[in-house]
Each structure stands twice: as structure tokens, then as C-alpha cells.
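Everything below concerns the one structure shown next.
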Ligand code: E4P
């Protein structure tokens, strides 16, 4: 499963890019608005320069013909741009037209497997069920991912299933177990997924034990008249 970052913050994207595990970015109007007074196209182009993978940029029109007019120029900002279209009847109409023109579409605001199947039939490249927002209203968001993956597998549908609205590391594991192709998450969740207290405790202990060993070696060597410390690679076990 691929890791995407769910943000429009260049600072966050640059930080995560260093780890070499992020292969795409998703943005939405809320995330863009959080960045303040910035040019939408410029931010998306800059993101494309940092991450070499699918970068989702969302339309804000609601009527099919307006979405189509808005999506065409967005798709030309960079070859990696994927246009996000909301899962509405007008959205489906727009997906059908745009995908037939070769424009890659990420269908957003999906909350049922039926919506995912419909978006795939219209020609979507990615479908994005929102796991966390379903959990927020006491539904099982991950079940939509499981059902969608199973249905797509049943029919050999090649549309990618992207687990969106990821709230915590357990969602990442569950999405991967369900067979999602991608999970998109805030930087905070990606950071949480890397951490474990036993990793930190273990590392601290290794370094402490190594330091004790080095000090003991130094004492032994100076007692025997040798002063040169032994290189780490030469240690006998
Ligand atoms: C996905 O592409 C959306 O931008 C995102 O995952 C929404 O997540 P939220 O429910 O945390 O806003």
C-alpha cells in the first residue's frame, strides 16, 4: 500500500519527502484554504516538484459543465496532477467526459461501496472512501474499504482504492489488510506510525551499553599501554 500525504503545506510535504516513503499528495479546498493567501496552481506545481507521484487537486464547481471547464486547465498544470471530483450525479457526468479525454480523476467524498463502484464505472482512476468521517458518525468506515476492494477484485476493476480521512495509525494497518492501494493521511499520523516507545527505549539501551563497553575497553587498553581505540567494525563477538 502506498502512503500519500493529505496536506497542502509545502513545509510538511518537504519534511515528509525526506523519509522517502511518500509517493503522492492529496489536497482539498479546506486544506488549500488553510495555507492562506496563495495561488492554487502555484502550490500544486510546487508540490509536484517535491513529490514525483499523483498529486490531487480538487475542483470547486458543482455543475457538470462547470467541473469539466475547471478540471481541464487544472489537469494541464503538471503531468502528475489528478483532478478531484466530488461523488455527485454531476460529478459522475464530469468524470465520464474527463476520463474519456485521458484526464485522471480521483473521486472524492465517497461513503459507500456503491458510490465507489459508480465512480469506477464512470472512469475514475482513484476512488476515495472517507474512513474517519464515517467512524465519526458511529459507522464502520473501514468496511467501505473492504467492500470496495472485494467488489473491484470480483470484476477486475483497475481503479485504485484510496483510504482517505485517516485519523490514526490503526486505520493504516486496517486499510493495508483490506487491500487498499493507497492511504492518505496527515503528517501527524504518518509520524505516529513510525514511532513506538519500545523502539526509543531499545535504542537508548543499545547506545548506553555501547558507551559502557567503549569506556571499559579504553580503561583496559590504557592499563596495557595501548591508547588507540578499536574501530566499531573490528569488534569481536
Ligand atoms: C482526502 O483526499 C481528503 O482530503 C481527506 O482525507 C479528508 O480527511 P478529513 O476527514 O480528515 O478532512
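The values are calculated or read from the model by the stated rules, or taken from the named source; none is laboratory data. Remember, it's a predicted structure, so these values are computed and weren't measured experimentally. Cβ sites come from the backbone with ideal geometry, for glycine too, and all protein chains shown count toward neighbours.
Just a yes or no: is a residue in the range 212-231 modelled with pLDDT of 95 or more, crowded, with 18+ Cβ neighbours inside 10 Å and more than 22 Å from residue 84 (Cα to Cα)?
no
Wholly within the range 136-213, which helices (runs of 4 or more DSSP H) include no fewer than the required count, namely at least 2 residues that are touching a helix residue (DSSP H, G or I) at 6+ places or on another chain (Cβ under 9 Å), in the same structural domain as residue 24 (by TED's automatic domain parsing) and away from the ligand (no atom under 16 Å from the Cβ)?
141-155, 169-178
Can you confirm whether the range 128-144 contains a residue that is in contact with a strand residue (DSSP E or B) (Cβ under 9 Å, 6 or more places away or on another chain), closer than 18 Å to residue 21 by Cα and buried (at least 21 other Cβ atoms within 10 Å of the Cβ)?
Taking every residue of the range 128-144 in turn, none turns out to be in contact with a strand residue (DSSP E or B) (Cβ under 9 Å, 6 or more places away or on another chain), closer than 18 Å to residue 21 by Cα and buried (at least 21 other Cβ atoms within 10 Å of the Cβ).
With the structure loaded, tell me whether residue 133 is in the same structural domain as residue 29 (by TED's automatic domain parsing), assigned to a loop (DSSP other than H, G, I, E, B) and near the ligand (Cβ under 10 Å from one of its atoms) or whether it fails that test.
For residue 133, the condition - in the same structural domain as residue 29 (by TED's automatic domain parsing), assigned to a loop (DSSP other than H, G, I, E, B) and near the ligand (Cβ under 10 Å from one of its atoms) - is not met.
So which residues in the range 72-116 are within 22 Å of the chain's Cα centre (by Cα), part of a helix (DSSP H, G or I) and more than 16 Å from the ligand (Cβ to nearest atom), if there are any at all?
Scanning the range 72-116 gives 75, 113.
Residue under question is residue 22, and the condition is that it be assigned by TED's automatic domain parsing to the domain that holds residue 130, surrounded by fewer than 19 Cβ atoms within 10 Å (Cβ to Cβ) and modelled with pLDDT of 95 or more; does it hold?
No; evaluated as a whole, the condition is false for this residue.
Among the residues of the range 31-45, which ones are within 23 Å of residue 125 (Cα to Cα) and over 17 Å from the mean Cα position of the chain (by Cα)?
Correct list: 40, 41, 43, 45.
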